[in-house]
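The values are calculated or read from the model by the stated rules, or taken from the named source; none is laboratory data. Everything numeric in this text was worked out from a predicted model, so none of it was measured. For neighbour counting, all protein chains shown are included, and Cβ atoms are generated from backbone atoms with ideal geometry for every residue, glycine included. Ligands, DNA and RNA are stripped out before the accessible areas are found, and what is left, the full protein with its side chains, is counted by its heavy atoms. Shrake-Rupley method; radii C 1.70, N 1.55, O 1.52, S 1.80 Å.
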Amino acid sequence: MSDLKLVARQDENHQSVIRVGNETIGGKELCLIAGPCAVESEQQLDEIAKGVSDLGIKFMRGGSYKPRTSPYAFQGLKKDGLRLLKNVSDKYGVKIVTEVLDTSLIEEVYPYADILQVGSRNAKNYAFLKELGKIDKPILLKRGMSSTISEWLLAAEYILLGGNENVILCERGIRTFDTSVRNTMDIAAIPLAKELSHLPVIADPSQGTGKRSLVTPLSLAAIAAGADGLMIEVHNDPEEALSDGFQSMYLDSMKEMVQVLKMQAELSGRSLDLKRIAAEVI
Ligand code: PEP
Ligand code: MN
């Protein structure tokens, strides 16, 4: 992969650590990002943000602009959702990860996001990737559902080439012949991407499996495989969720989950700080 000029790891000590305020991604500390698939209402987001921050999780996810397979499915609360994310960020001190769907929305999403998520469906939108290279906030780049590892890393190369070095790679499962899971979570992609690149690599076992009961085992596998973090969907009422409820953890079960993740992190030579952060505002 000789075209990986900026993304390639130069030697075994070459590892990018991305700073987001007081937090880091890519260092010894494991990065946990949790939250609903989509922002649905003030009450929903507040309950989840409280649950997530009570567990000591520092990053909250939530889509306000949703890339849905069906045009009739819930498309997100858009700007209103971004405002709700800002409110919980101020109230609980969590950092916000939210998706930007296309070039025309970068300016709108930018002030509300600490990390801008680029979805699997956009992993080959090269004009968009070039624009993301011009901004100065971290980009969480999902692997395209049909992208090879080389194509995924080259997508990151577009962003770095544009001038933005803060890219976090996210393995989120790929399409295979097997229909018993939503996606096939490619665990091997995690250590391989880390071998090939200095960028942090995290895993999204929620989209990666599409099944709640598989999220904890695949999270453990991802940490054991060397992931720098995890992105996990959690909902206060998964049965009523407007998107991806079937793969969302219950808030209650997250408590046990994070303890298990912490143990696995330590076994893997990493750490997981679950001290609650003091809200920066209020
Ligand atoms: C998501 O994170 O909710 C999402 C839509 O992810 P992906 O782009 O990986 O499908
Ligand atoms: Mn989702």
Practice problem: Using the charge dipole of the chain (Lys, Arg: +1 at Cβ; Asp, Glu: -1 at Cβ; taken about the Cα centre), state which of Tyr158, Leu267, Ser180 has its Cα farthest towards the positive end. | Solution: Tyr158
Exercise. Identify the GluC sites (Glu not before Pro) of the range 175-282 meeting these criteria: DSSP loop state and at most 10 other C-beta atoms within 10 Å of the C-beta.
Key: none
Quiz item: Could you give me the ³J(HN,Hα) list for the range 171-184, computed from phi with Karplus coefficients 6.51, -1.76, 1.60 and θ = phi - 60°, whole Hz, x at Gly and Pro?
Solution: 7, 10, x, 10, 7, 10, 5, 7, 9, 7, 10, 5, 9, 9
Self-check item: Prolate/oblate/rounded call for the range 60-135, Cα gyration tensor, a/c under 1.5 rounded
Solution: oblate
Exercise. Run the numbers on the chain and let me know its relative contact order in percent, using alpha-carbon pairs under 8 Å that are six or more apart.
Key: 23 percent
Practice problem: Assign one of three labels to the range 1-126, namely rounded, prolate or oblate, based on the Cα gyration tensor with a ≥ b ≥ c the square roots of its eigenvalues; rounded applies when a/c is under 1.5, prolate when it is not and a/b is larger than b/c, and oblate otherwise. | Solution: oblate
Quiz item: Which of the listed residues, Ser104, Val88, Ala222, is farthest toward the dipole's positive end in the chain, when Lys, Arg count +1 and Asp, Glu count -1 at the beta-carbon?
Solution: Ser104
Exercise. Alpha carbons only, please: Rg and Dmax for the chain, in angstrom.
Key: 17.1, 51
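For the range 81-180, state the semi-axes of the equivalent ellipsoid (square roots of 5 times the eigenvalues of the alpha-carbon gyration tensor), sorted largest first and rounded to whole angstrom.
On the way: eigenvalues 117, 60, 25 Å².
In descending order the semi-axes read 24, 17, 11 Å.
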Quiz item: How much net charge surrounds Asn13 when only the other residues with a Cβ under 14 Å from the Cβ of Asn13 are counted, with Lys and Arg +1 and Asp and Glu -1?
Solution: 0
Exercise. Please identify, among Asn125, Asn183, Asn236, the residue showing maximal mean-square fluctuation in a Gaussian network model of the chain using a 10 angstrom Cα cutoff.
Key: Asn125
Quiz prompt | Extension gain (nm, one decimal) between Thr148 and Arg19, 0.36 nm per residue minus Cα-Cα | solution = 43.7 nm
Exercise. Putting +1 on Lys and Arg Cβ atoms and -1 on Asp and Glu Cβ atoms, find which of Leu251, Val234, Ile25 reaches farthest to the positive end of the dipole of the chain.
Key: Ile25
Quiz item: Carbon-plus-sulfur fraction of the accessible area of the range 4-59, 1.4 Å probe, in percent?
Solution: 44 percent
Quiz item: Counting only heavy atoms of protein chains, what accessible area per residue, in Å², does the chain have with a probe of 1.4 Å?
Solution: 43 Å²
Practice problem: Choose one answer from Lys130, Lys211, Lys255: the residue with the largest mean-square fluctuation in a GNM of the chain with alpha-carbon springs under 10 Å. | Solution: Lys255
Quiz item: Rounded, prolate or oblate: which fits the range 145-277, taking a ≥ b ≥ c as square roots of the Cα gyration tensor eigenvalues, rounded meaning a/c under 1.5, else prolate when a/b beats b/c?
Solution: oblate
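Holding the Cα-Cα limit at 28 Å, pick out from Lys66/Lys262; Lys5/Lys134; Lys91/Lys262; Lys50/Lys130 the pairs that are longer than that.
Lys66/Lys262; Lys50/Lys130
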Quiz item: Given a 1.4 Å probe and every protein chain left where it sits, what share in percent of the accessible area of the range 84-176 is carbon and sulfur?
Solution: 49 percent
Exercise. Rounded to the nearest 500, what is the 222 nm mean residue ellipticity of the chain from helices alone, with -39500 (n - 2.57) per DSSP H run of 4+ residues and division by all residues?
Key: -10000 deg cm²/dmol
Quiz item: To the nearest 20 debye, what charge dipole does the chain have about its Cα centre, counting +1 at the Cβ of each Lys and Arg and -1 at the Cβ of each Asp and Glu?
Solution: 220 debye
